[in-house]
Amino acid sequence: MKKLLITGASGFLGWNLCSIASNYFKVSAISNRNFFNLPSISVRKCDITDYQQLKVLMISEKPDAVIHLAAASDPNYCQTHPEETFKINVTASSNIAGLCSDLKAACVFTSSDQVFDGKSPPYKENDDTNPLNIYGQQKRTAEQQMRSRYENVTICRMPLMYGKAPQWAKSFIQPWIGQLQKGNTLSLFTDEFRSPLCASDACRGLLLALEKPGEIFHLGGPQRISRYEMGMILLETTGFPQTLIKPCKQQDVPMAAPRPSDVSLDISKASKMGFCPGTMREKLKTILDLQNTDTDF
Ligand SMILES: NC(=O)c1ccc[n+]([C@@H]2O[C@H](COP(=O)([O-])OP(=O)(O)OC[C@H]3O[C@@H](n4cnc5c(N)ncnc54)[C@H](OP(=O)(O)O)[C@@H]3O)[C@@H](O)[C@H]2O)c1
């Protein structure tokens with residue numbers, strides 16, 4: 001079995017990827033503050049901003065492939081802590097690309113739909129980037145620096161994602177469900193559009209992308225929908241009362257990071273390599289059926 005190293009393995013997406021990828025690879029996982037155990041996966045702690053630590057780990061692991069997920073992934077935090085998050089999102093990413101080049105390992109990087117300004121969706125891989133917030137700028141700089149260190153880096157621009165999560169990480173639906181369980185009303189934007197993707201589909205897309213060195217892929221979900229519509233689908237599949245979601249506009253909720261209004265992604269290129277994500281309604285239903293109507297996911 002080939003060896004796959006996953007950074008950010010303790011995060012929401014990484015935790016999902018570890019269990020799916022272990023069916024196909026011998027997986028080594030890197031966590032930082034959150035240590036965890038999964039059967040048949042070796043987990044090592046490493047702060048990827050410490051270059052010596054990272055280098056020793058990667059040389060000792062000698063992976064055939066790396067999927068680099070680790071990031072400061074909250075746009076508001078990046079906006080208020082630009083220097084600290086640059087070290088994680090840009091410098092460490094660039095170093096990982098350099099080490100992958102030395103080791104001749106395949107390398108997939110998770111960038112973001114936030115590299116676009118939201119003015120001309122749906123976005124194709126070759127469309128001009130123009131990030132509105134610091135997180136998006138850092139992801140764009142990381143894409144550029146990684147590709148200049150190692151031309152074989154595969155860039156996957158990810159949309160808003162949801163799915164099962166461990167206790168210590170979350171996707172956007174866990175806080176929503178937490179509020180609904182308390183009977184609290186959610187105010188959701190009718191004027192912010194995304195192409196949401198289930199984590200299990202994201203993981204399959206990332207594993208397909210490993211076979212395509214040097215390419216860029218948009219791994220969006222199949223639908224362009226507003227946050228308000230996402231909330232209504234969540235209510236429909238979980239059975240919470242419709243009255244618990246109220247429409248609002250982006251301008252009603254002040255946030256540190258400016259948000260593009262529509263960064264839905266065109267996934268026709270990824271579809272050609274076999275990427276075939278399900279709709280939010282289908283995927284939420286599957287997750288809930290699997291969990292026997294237990295909403296604690
Ligand atoms: N979730 C989304 O909707 C979304 C959308 C677009 C793009 N993305 C991108 O997809 C990737 C995965 O996102 P996610 O939602 O799974 O993120 P997440 O839940 O916030 O997890 C971030 C991961 O990065 C690790 N990390 C952070 N700083 C580190 C450091 N200095 N050294 C080593 N590890 C460090 C964390 O480790 P510890 O927890 O152990 O500290 C954690 O495993 C990220 O690149 C993100 O930017 C996500």
Inset, instruction - State whether the residues of the stretch 265-276 include one that is under 24 Å from residue 74 (Cα atoms), modelled with pLDDT of 95 or more and not in a loop (DSSP other than H, G, I, E, B). - result: yes
Inset, instruction - Name the single residue, out of those in the stretch 130-147 being over 18 Å from the mean Cα position of the chain (by Cα) and more than 16 Å from residue 215 (Cα to Cα), that is surrounded by the most Cβ atoms within 10 Å (Cβ to Cβ). - result: 132
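If I filter the stretch 245-258 for residues that are in the same structural domain as residue 180 (by TED's automatic domain parsing), over 27 Å from residue 134 (Cβ atoms) and not charged (D, E, K, R), do I get at least one hit? Quick ask: steps written out before the conclusion?
Within the stretch 245-258, the subset in the same structural domain as residue 180 (by TED's automatic domain parsing) is 245-258.
From what is left, the residues that are over 27 Å from residue 134 (Cβ atoms) are 245-247.
Pick out the ones that are also not charged (D, E, K, R) and you get 245, 247.
The answer is yes, given that some residue of the stretch 245-258 is in the same structural domain as residue 180 (by TED's automatic domain parsing), over 27 Å from residue 134 (Cβ atoms) and not charged (D, E, K, R).
Return the total of residues in the stretch 117-163 being part of a loop (DSSP other than H, G, I, E, B) and within 15 Å of the ligand (Cβ to nearest atom).
Of all residues in the stretch 117-163, those part of a loop (DSSP other than H, G, I, E, B) come to 117-122, 124-133, 150-153, 159-160, 163.
From the residues that got through so far, the ones that are within 15 Å of the ligand (Cβ to nearest atom) too are 118, 129, 131-133, 153, 159-160, 163.
The number of residues fulfilling the criteria is 9.
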Legend entry - Odd one out for residue 21, checked against (1) closer than 20 Å to residue 164 by Cα; (2) surrounded by fewer than 19 Cβ atoms within 10 Å (Cβ to Cβ); (3) more than 9 Å from the ligand (Cβ to nearest atom): (2)
Inset, instruction - Determine whether residue 56 is among the aliphatic types (A, V, I, L, M), farther than 20 Å from residue 210 by Cβ and within 13 Å of the ligand (Cβ to nearest atom). - result: no
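Kindly indicate whether any position in the stretch 74-89 is under 16 Å from residue 149 (Cα atoms) and more than 14 Å from the ligand (Cβ to nearest atom).
For the stretch 74-89, residues under 16 Å from residue 149 (Cα atoms) and more than 14 Å from the ligand (Cβ to nearest atom): absent.
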Legend entry - Top-ranked residue of the stretch 36-80 - restricted to ones that are in contact with a helix residue (DSSP H, G or I) (Cβ under 7 Å, 6 or more places away or on another chain) and β-branched (Val, Ile, Thr), ranked as farthest from residue 26 (Cα to Cα): 49
Inset, instruction - Filter the stretch 164-173 down to residues that are touching a Phe, Trp or Tyr at 6+ places or on another chain (Cβ under 7 Å) and part of a loop (DSSP other than H, G, I, E, B) and give me whichever is farthest from the ligand (Cβ to nearest atom). - result: 164
Inset, instruction - Please name all residue pairs, on different chains or six or more residues apart, with Cβ atoms under 8 Å, provided the first residue is in the stretch 173-194 and is farther than 21 Å from residue 159 by Cα and the second residue is among the aromatic types (Phe, Trp, Tyr). - result: 180/240; 186/176
Inset, instruction - Would you check if residue 208 is near the ligand (Cβ under 10 Å from one of its atoms) and in contact (Cβ under 8 Å) with a residue 12 or more places away in the chain? - result: no
Inset, instruction - Could you tell me which numbered condition residue 229 fails, if it satisfies all but one of (1) within 26 Å of residue 15 (Cβ to Cβ); (2) not in a loop (DSSP other than H, G, I, E, B)? - result: (1)
Legend entry - Identity of the residue in the stretch 45-66, over 18 Å from residue 142 (Cβ atoms), free of Cβ contacts under 8 Å to residues at least 24 places away in the same chain and more than 21 Å from the chain's Cα centre (by Cα), that ends up surrounded by the fewest Cβ atoms within 10 Å (Cβ to Cβ): 52
Legend entry - The listed residue being more than 8 Å from the ligand (Cβ to nearest atom) and touching a Cys at 6+ places or on another chain (Cβ under 8 Å), out of 5, 38, 13: 38
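The values are calculated or read from the model by the stated rules, or taken from the named source; none is laboratory data. What you see is a predicted model, and the numbers here were worked out from it, not measured in a lab. Neighbour counts run over all protein chains shown; Cβ positions are idealised from the backbone, glycine included.
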